[in-house]
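Here's the structure we're looking at; comments come further down.
The values are calculated or read from the model by the stated rules, or taken from the named source; none is laboratory data. This one's a predicted model, so the numbers in the text were calculated from it and none came from an experiment. No Cβ is skipped: glycine too gets one built from the backbone with ideal geometry, and neighbour counts run over all protein chains shown. In case anyone asks, the SASA skips ligands and DNA or RNA and just uses the protein heavy atoms, side chains included. Shrake-Rupley method; radii C 1.70, N 1.55, O 1.52, S 1.80 Å.
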Amino acid sequence: MKNLLGYLTCVAVAILLRVYINGSGGTLVLYLLAIAFVISLAALLLTKHKLVAAIKLSTEISAKNEEFDADIMLLNAIRIIPSCVVEVTAECSDNIGAVSPLEFKTIVAGGRQQSVSIKLKTRYAGLGTVKIKSIRLHDYLGIITLHLDSSRYEKAVGKIKIMPNIPDTGSQTELLKATSENASFDDNESESDENALGLTGVPGYDHRQYEIGDPLKRINWKLSSKRDELMVRLDEKVTASSQAFFLDIPSENHDPMFAMNIDNIVEASLAMLSMLIMEGFESEYNYYLDGWKSMKIKQAGDIIELQNDLAAIAPYPQEKRFAFSHEIGKTAPICFTACMATSQGDFSSLMEEFNGSFVVTRLSGLDKQTENMWLVDETFEFRKMT
């Protein structure tokens, strides 16, 4: 509006000049103003039909709290004149923060491509996206503004995988203490036909006859004396019925803390897997990544592989939430869920469909709603909710 008033003021001054001072001079100024407006309008309309935008990120995968660049590339297919003034507004997913402004203005030379870099920083684990929110076009005189059709930039999306951390929490949590009681190297442990399960549903040890090369520390001397032959514990078979984990990240929650909550629950599940590996247990981890996937976690290297996969994790469609099949066996499954108290219905439907234990974060704001519910805090300490 300000620029329009300025332009009209110039026209009024030119008219006064033509009428009261110098007719030819005033006429020339009016012609120049008219030509400027026509050229400005023509550049605006041509740019509207010829401008193309794209995004390229400086990296495809990153750790948390690392800076990276998003290059927004603008191609002006008009060869004879520069583009009009192009105002670009970018936006990023909640697990990415902006270091530099997400909005800029530029003019692209005729037939050239121009790139403008925006500095961003990874915040929380999972798939991060950077895209163009809007492109507005201003004519040279700043009188007319048009919105570029979103179809010309809606596919301009940059994606980055943000790696979760694997917290080192030791094995002093309430959950692992209970598990360790059922899997201790105690000579009182007999052959594990017993059904006693820890809080993670992992049974006791099996045994077999000693073979040359077996570590002596695995010999169960008490059982060996009873059977009059050397018997060794089968650490590998402690997990014959491996613990089943499910990662639940329901459809997008509009709570601003949702991205942080996803980060917390993903890292909590990795912490739990790491602790179980240290105790000698196997696990089976189920997660949604372009379809439900399952990974056996038998050693530390498997957690690293899973960590890479979870760098691309994102909320999945509601209709895909329970589209999986799994043989539970002897163990009760554990669901690590990113549900928030702000969308109570998500957790209610989960309880109806899932028969097992639940782990939620302190950040979720959820209170106890079932007997098998666990809370994990910011230091990744687990405790049963009471």
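Of all the accessible heavy-atom surface of segment 22-159, with the other protein chains kept in place and a 1.4 Å probe, what percent is carbon and sulfur? Let's see the in-between values first.
Working: 3920 of 7130 Å².
Of all accessible area on segment 22-159, carbon and sulfur atoms account for 55 percent.
The lysines within cross-link reach of residue 384, meaning a Cα-to-Cα straight distance under 25 Å and a gap of 8 or more places when in the same chain, are 177, 330, 368.
Take segment 249-365 with all the other protein chains still there, run a 1.4 Å probe, and you get 41 Å² of accessible area per residue. Annotation: per residue accessible area for segment 41-99 equals 47 Å², rounded to a whole number [probe 1.4 Å, protein chains only]. Bridgeable lysines around residue 155 (alpha carbons under 23 Å apart, same-chain partners fewer than 8 residues away excluded): 48, 50, 56, 105, 119, 121, 131, 133. Below 8 Å, C-alpha to C-alpha, sequence gap of six or more: please give me the relative contact order for segment 255-386 in percent. It comes to 21 percent, rounded to a whole number.
Work out, in µm²/s and without decimals, the Stokes-Einstein translational diffusion coefficient of segment 26-72 at 10 °C, 1.306 mPa s, Rh from Kirkwood over C-alpha pairs.
Value of D from the Cα-based Kirkwood radius: 108 µm²/s.
Largest first, the residues 364, 134 sort by 1.4 Å accessible area into 134, 364. Fully extending the segment from residue 341 to residue 56, taken as 0.36 nm per residue of separation minus the present Cα-Cα distance, adds 99.0 nm. Taking all protein chains together and rolling a 1.4 Å probe, residue 221 ends up with roughly 140 Å² accessible. Each residue, residue 34 and residue 149, gets one label point 7 Å from its Cα in the Cβ direction; the gap between the two is 3.2 nm. Computed with a 1.4 Å probe on the full set of protein chains, the accessible area for residue 368 sits at about 70 Å². The P(r) of segment 107-147 has a tail past 14 Å containing 70 percent of all C-alpha pairs.
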